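Step one of this worksheet: look at the structure below.
Every number in this text was worked out from the coordinates using simple rules, so none of it is lab data. Keep in mind that what you see is a predicted model, and the values were worked out from it rather than measured. Using ideal geometry, Cβ is built from the backbone for each residue, glycine included, and neighbour counts are taken over all protein chains shown.
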Amino acid sequence: MNEPLPPPDVSILIVAYNSQAIIADCLGSIAQACARHSYEVLLIDNGTGATAYLVATHFPQVKIVASRGNVGFAAGNNLLADEAKGRHLLLLNPDVVLKPQAIDILMDATATYPETSAWGGVTLDKHNQPDFGNTLGFPSLREMATRILLRTSQEAPTRLSFDHDAEVPVLSGSFAMFTRSAWDEVGGLDDRYFLYCEEVDLFYRLAKAGHRFRRIARSRANHDVGHGDGTSPHRELYLSAGIMQFTRLHWSRPESLVAFFLIWAASLVRLTAGMTMGCASPNFANVAARYRLVATRPNHWRHGYDPARGLMAKLRR
């Protein structure tokens, strides 16, 4: 009788959405990124099915998990995790291209930092510089109030050093690895999120349970945020809904209401500034376009992803 195969060191989970133009680069980078450890790759296609067809044709080693429609990033990853056999789960966006040894270095870090439950690499923009995904934190009223002044309390990546490993509150969900036990302890991602802030919610719940997380300096990956459309008005709409979903789940009702008004006020300030200065600078015109939907459709996102009153319910009408 054949002995059962041992579980792989890591299961790589990819939620795709019309990603056929970029998925080959992502999948093609995995072998060199994880050359010293065993792994499996699982993918679910939340889009038209074209990505799954391409992957099945050209990357037959990837396990395709049957799609249930566009269920969102959180639910998609949870479906993949249910099928995964690895001792670690690695969330990987299809718009991420891994540098050589990127996953091996994360796996090595599990021995270096055994007290840690999640590890992430440094994500880089198109100029090969650390992006804002490396400076994520938990939402706060102070940060929201600061944005009204056309500022942000989020530290600019250019002002931080990424030469050393660091304990962080949140890792980017585009490239983060978890112990299976920690993931299962809190039930994975919250399916009530559709897009954005779901990893912040996960790290918040893990932190409350006593877990710790590290960004590993030598593990690197290029991240094409939003497939090159990282400043679109629809992205800001989903992002605002994601933040409001977080406040509705983890803050008091008065705090969540204040958060709504602060986010709305910040978007109105940006829309007004962009429209006023747009003739003088294309950058200001882009700002106006970016925040137009958030500023003019507050009822679309103020209830987060509530099934009856939230963003997805409004978009389906």
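Qualifying GluC sites (Glu not before Pro) in the stretch 70-149, where qualification requires a DSSP coil assignment and no more than 10 other C-beta atoms within 10 Å, comprise GLU115.
Just want to confirm a number: the relative contact order over the chain, from Cα pairs under 8 angstrom separated by 6+ residues, in percent.
18
Working note: 222 nm ellipticity from helices only, DSSP H runs with n ≥ 4, each -39,500 (n - 2.57), summed and divided by the residues of the chain, gives -12500 deg cm²/dmol to the nearest 500. If only the Cβ of Lys and Arg carry +1 and only the Cβ of Asp and Glu carry -1, the dipole of the stretch 233-316 around its Cα centre is close to 220 debye.
With contacts taken as Cα pairs under 8 Å and at least 6 residues apart, the stretch 233-316 reaches a relative contact order of 39 percent. Given springs between every Cα pair under 10 Å in a Gaussian network model of the chain, which of LEU293, LEU80, LEU43 has the largest fluctuation? Maximum fluctuation in the GNM of the chain, among the listed residues, is at LEU293. Seen from ARG212, the other residues with C-beta closer than 11 Å to its C-beta sum to a net charge of -1, counting Lys and Arg as +1 and Asp and Glu as -1. Put in order of Cβ neighbour count within 10 Å, fewest first, the listed residues HIS164, HIS88 become HIS164, HIS88. Only lysines eight or more places from LYS208 in sequence, or on another chain, were considered; those with a Cα closer than 30 Å are LYS85.
Under 17 Å from a point placed 7 Å out from the Cα of THR112 along the Cα-to-Cβ direction: which residues of the stretch 75-105 have their backbone N that close? It comes to 99-105, nothing else.
Each principal axis of the Cα cloud of the chain was evaluated for its coordinate range; sorted largest first, these ranges are 71, 42, 40 Å.
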